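Novice: Below: one structure in C-alpha cells.
The values are calculated or read from the model by the stated rules, or taken from the named source; none is laboratory data. In this text, all values refer to a predicted model and were calculated from it rather than measured experimentally. All Cβ positions, glycine included, derive from the backbone under ideal geometry; neighbour counts span all protein chains shown. For accessibility, only protein heavy atoms count, side chains too; no ligands or nucleic acids. Shrake-Rupley method; radii C 1.70, N 1.55, O 1.52, S 1.80 Å.
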Amino acid sequence: MSPYAMSMLMSSLAMGTIITLSSSHWFLAWMGLEINTLAIIPLMTKMHHPRATESATKYFLTQATASALLLFSAAMNAWMTGEWTIVNMNSYIPTTILTIALAIKLGIAPFHPWLPDVLQGLDMMTCLILSTWQKLAPMALLILTSHQLNTSLLTLMALASAIIGGWGALNQTQMRKIMAYSSIAHLGWMTLVISFAPGLALLNLTIYLMMTSSMFVMLMALNATNMNKLSISWLKTPTLAASMMTGLLSLGGLPPLSGFLPKWLILQEMTKHHLGALSAVMALSALLSLFFYLRLSYMISMTSPPNISNANLAWRKKNNLSLINPILIVLSTMLMPITPMLLM
C-alpha cells in the first residue's frame, strides 16, 4: 500500500475516534464511528487474499448493523425526549437497543462470533488496530451512558463473555483466534463493572490495551501465527520468548503481574455490592482463560521441537524491535505496586 494512502487511512482512523470521544451529540458520535469503520476496511483488504476479503466483508456487515441500531436507538430517544444529547438516554427501549448495538461493535457475547473469524483473516498489524484502537470509541460511549443502561442485561452479557472467552480458546491453535477470545473475556470483565464503577472499567481497558499491544508487537517480531511457530521462538530470541511468557501470564491475570490488578479490584467492587455468587463465577471463568495462557507459556518455555539438524541452536536473526516494546512489556507486567495509590 502506498505510504500516502496509509497515512490518509490512519489519519481517518484517528479522526473518527477523536470525533466520537469529543462529541456530546448522538449524530456526531455515529458519524465518528462510521469514519472509523470505513477507514479500516482498506487496511483489512491490503493483503489481496480471499480470507482478508471475507474478513473485511464480515466486519463491514456487523459494524453496519451495529451502526444502524445505534442510530435507530438515538432517533427513538430523540423522538421520546426531544433531545439528541448522549447523556440523556432515559427510555427503556432505546437504552436496550443501544446496549445491543455497542455490544455488537465491541464483540461482547452473545454478539461475539464475528471477532475470531475476522481476526483470523488479517495480518498482525491490522489485528492489533482492531483489538485496541477500534475498541476506544464504542467503549467511550458505553462508559458515558453506563449509568442509564440496563444493569441486568450488562451483567448477563459480561458473564457470557467471560465464560465464552475462556471456553472458546481452549481448543484453538491459531494465535489470532486466541487473542480474539482473550479480547472477548476481557470485555466481559469491563462490562461487568461498568455500571457500578466506570473508573474501574477505564482502568481495565487501559491495562488491556497495554497487554494486548505488547503481545501483538512480540508476535510480529517472532513472526508467530500459531502454537507450532511459538514453540520454536525461544531458539531464535530467548529474551523475547521469556518476555512473551510473562505477558501471557499477565493476560491470564496471574499475581503479581499487571493483569491481576483490574480483576482483583473488580471482584472487590462486586463483593461490596453483595454480589458474591457472581464474583465467584467470574473468578472461575478467569481460571479457564488462565489455563490456555499457561498452555501457551508451557509451549514457549518448556517444549523442545523436533530437530533434524546437528545444530543445537537455530539461526538468530537481528531483532527489529523498537523502543516502544520494552516499555509496553514493563507496563503490562509490573503495574501491581501502584495498587495502593489507586485504592486511595
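Novice: Send over a whole-number figure in Å² for the accessible area per residue of the chain, probe 1.4 Å. Intermediate results must be reported in sequence, preceding the final value.
Specialist: On the way: 15190 Å² over 344 residues.
Here the residues of the chain average 44 Å² of exposed surface.
Novice: Got a sec? Charge dipole of the range 3-343, +1 on Cβ for Lys and Arg, -1 for Asp and Glu; which of 264, 155, 171 is way out at the positive end?
Specialist: Final value for the positive-end residue is 171.
Novice: Now for a different question. If the chain between residue 65 and residue 302 were fully stretched, how many nm would it gain, using 0.36 nm times the residue separation less the Cα-Cα distance?
Specialist: On the way: separation 237, 0.36 × 237 = 85.32 nm, distance 4.49 nm.
Here the segment from residue 65 to residue 302 would lengthen by 80.8 nm.
Novice: Another one. Fully extended, how many nm does the chain gain between residue 123 and residue 1 (0.36 nm per residue separation, minus their Cα-Cα distance)?
Specialist: Contour length minus Cα-Cα distance gives 42.6 nm.
Novice: Between residue 57 and residue 291, how many nm apart are label points set 7 Å from Cα along the C-beta direction?
Specialist: 3.5
Novice: How much length is gained on full extension from residue 38 to residue 339, taking 0.36 nm per residue of separation minus their Cα-Cα distance?
Specialist: Working: separation 301, 0.36 × 301 = 108.36 nm, distance 3.92 nm.
Length gained between residue 38 and residue 339: 104.4 nm.
Novice: I've got another one for you. To the nearest 20 debye, what charge dipole does the range 3-343 have about its Cα centre, counting +1 at the Cβ of each Lys and Arg and -1 at the Cβ of each Asp and Glu?
Specialist: Values: 15 positive and 6 negative charges, 191 e Å.
Dipole about the Cα centre, nearest 20: 920 debye.
Novice: I'd like the distance separating the alpha-carbon centroids of the range 23-94 and the range 1-18, in whole Å.
Specialist: Using only Cα atoms, the two centres lie 18 Å from each other.
Novice: In addition: Pick out, from 60, 240, 118, the residue whose Cα sits farthest towards the positive end of the charge dipole of the chain, with +1 on the Cβ of Lys and Arg and -1 on the Cβ of Asp and Glu.
Specialist: 240
Novice: Going through the cross-link list 135/263; 105/229; 135/177; 105/177, which pairs have a Cα-Cα distance over 21 Å in this structure?
Specialist: Numbers: 135/263 19 Å; 105/229 31 Å; 135/177 17 Å; 105/177 18 Å.
The pairs that break the limit, which is 21 Å between Cα atoms, are 105/229.
Novice: Right, here's the next one. Whole-Hz Karplus ³J(HN,Hα) for the range 205-217, in order, using 6.51 cos²θ - 1.76 cosθ + 1.60 and θ = phi - 60°, x for Gly and Pro?
Specialist: Result, ordered by residue: 4, 4, 5, 4, 4, 5, 5, 5, 4, 5, 5, 5, 5 Hz.
Novice: A further question follows. Amide H to amide H, which residues 5 or more places from residue 226 or on other chains are under 5 Å from it, using H placed in the peptide plane?
Specialist: 175
Novice: Here's another thing I want to ask about it. Taking all protein chains in place and a 1.4 Å probe, what share, in percent, of the accessible surface of the range 3-343 do carbon and sulfur account for?
Specialist: Values: 10550 of 14830 Å².
Its accessible area is 71 percent carbon and sulfur atoms.
Novice: A follow-up question, please. When the Karplus curve 6.51 cos²θ - 1.76 cosθ + 1.60 is applied with θ = phi - 60°, which whole-Hz ³J(HN,Hα) does each residue of the range 249-264 get, with x for Gly and Pro?
Specialist: With the stated coefficients, the range 249-264 comes to 5, 5, 4, x, x, 8, x, x, 8, 4, x, 6, 4, x, 5, 4 Hz.
Novice: So, in nm, how far is label residue 167 from label residue 8 when the simple model puts each one 7 Å beyond its Cα toward the Cβ?
Specialist: The modelled label-to-label distance comes out at 4.6 nm.
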